[in-house]
Amino acid sequence: MMNSAATDAVTYPVQTNKLRWWFVILILLGAIINYLDRSNLSVANPLIAKEYGLSPLQMGVLMSAFLWPYALANLPAGWLVDRIGPKKMFAGASALWSVVTILTAFTNSYSLFYLLRVMLGISESPFFPAAVKAIDRWFSKDDRGTPLAIINTGSQIANGIAPPLLTALMLAYSWKLMFIIIGVAGLVIMALWCFSYRDPKNGEVASIQEAENQVAAEHKVGWGDLFKYKSTWYMIIGNFGLVYTMWTFLTWLPGYLVVGRGLSILKTGWVAAIPFLVGIIGVPLGGIISDYFIRKGYQPIQARKVPLVSGAIVAALAVIPVPYVQDINVCIALLSLAYFASSVPTGVIWTLATDVAPKNMVASLGSIQNFGGFIGAAIAPIVTGAIVQMTGSFEYVFLIGSVLLIVSAISYGMFLRKPIEP
């Protein structure tokens, strides 16, 4: 488990260090907007369902309209990022998803709404591969865990502020104006990225990073070859369970609190934010823990698995009793613990891809892993909607989530052991 020789600490010129952390902040802001675009539908779920006269199953299908295309588009998105680079892919993706979000406000039919959610999924797919590629270019293997965890915190920040912020906008104006505001914010991020981002020049990266690039030039793997390695499949299976459970929260938590617990829409806007707010702590914690174990001499893959596996197990144990407790405060506490614990692995999932992948396939492997996760995400709202419609209860929803979290812990913890080497 330990490195035979510890790597010397990496140092960067002050100006370079400031620049690369500015890119981290900018990507973090992009991640927040990216996830507000995804969560706006779950917040507006009750109003849109009433406006269009949708059943729980129909609403589940609509909420999954983003997820299937997003999952599938991750496959070519990662390859394109590795070929074209993070600047162009980030800019193009953020421009397209922002326009799609604005257009959604002007929809007048269920079918058009569905089509635009499909387009949103496709347009958002290059964002995280581009972000990971940028971090991979500006940070070395020994110190990229924390910035990648910070970037992934963007999703939790968005999830935490989305219920109260978007609910307030929705009730004060309309759900359509809410969509327009989020779309305009995405265009602002796109402009900032185009103006400021660039790849590092010669001499701007530390010697360790330059050594990594030299090794990568000598050991390249093709995109299709990634599927020949067991490690790729363990990552797909592991992320399936993690993201399935996360998106059960994201798409159905407001609906669960309204339908399953009898809370008002206004109160739900605030109560639903609590699990997501504690998730903000969980994501960077995963990166900090894994970087700590690397400094202690652990191999990168082993160090990433510590917070990943432990977080999945704790989340599984916390989810099981949720449908059986009567007290709403205990229910929220368990949901918060579950979401916090399941957020800890999120901080290292993309970092793990940089540790397992050949240097020329970092974005590609990260996207393939993300593809597996969002197949789970796409299934989650449909399965949840079907269960609720058939049983009138969320009991089996939580039990399925718990089982899949254990499957994730086993896939990552027991089977994923080594990087992909040509």
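The values are calculated or read from the model by the stated rules, or taken from the named source; none is laboratory data. Not measured: the values here are computed from a predicted model. Backbone-built Cβ (ideal geometry, glycine too); neighbour counts: all protein chains shown. When the accessible area is computed, the model is the full protein with side chains, heavy atoms only, and any ligands, DNA or RNA have been set aside. Shrake-Rupley method; radii C 1.70, N 1.55, O 1.52, S 1.80 Å.
Tabulated data
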| item | result |
| --- | --- |
| Subset of segment 164-203 (residues that are in a loop (DSSP other than H, G, I, E, B), of a type in the set (S, T, N, Q) and open to solvent by less than 70 Å² (accessible area, probe 1.4 Å)) | S174 |
| Condition met for Q369 (of a type in the set (S, T, N, Q), touching a helix residue (DSSP H, G or I) at 6+ places or on another chain (Cβ under 9 Å), assigned to a helix (DSSP H, G or I) and open to solvent by 10 Å² or more (accessible area, probe 1.4 Å)) | no |
| Qualifying residues in segment 145-154 (those that are modelled with pLDDT of 80 or more and crowded, with 22+ Cβ neighbours inside 10 Å) - the one farthest from the chain's Cα centre (by Cα) | P147 |
| Every pair of residues 6+ apart whose Cβ atoms lie under 7 Å, when the first sits in segment 337-353 and is without any contact (Cβ under 8 Å) to a residue 60 or more places away in the chain while the second is of a type in the set (A, V, I, L, M, F, W, C) | L337/A318; A341/V314; A341/A315; A341/A318 |
| Selection within segment 134-178 - closer than 29 Å to Y197 by Cα and free of Cβ contacts under 8 Å to residues at least 12 places away in the same chain | none |
| Considering residues of segment 123-151 that are in a helix (DSSP H, G or I) and among the polar types (S, T, N, Q) only, the residue nearest to A353 (Cα to Cα) | T146 |
| Exclusive hit being surrounded by 24 or more Cβ atoms within 10 Å (Cβ to Cβ), part of a helix (DSSP H, G or I) and hydroxyl-bearing (S, T, Y), set T248, T232 | T248 |
| Which listed residue is open to solvent by 10 Å² or more (accessible area, probe 1.4 Å) and over 19 Å from Q369 (Cα atoms), from L116, L75 | L116 |
| Selection count where residues are assigned to a helix (DSSP H, G or I) and open to solvent by less than 20 Å² (accessible area, probe 1.4 Å), scope segment 78-103 | 11 |
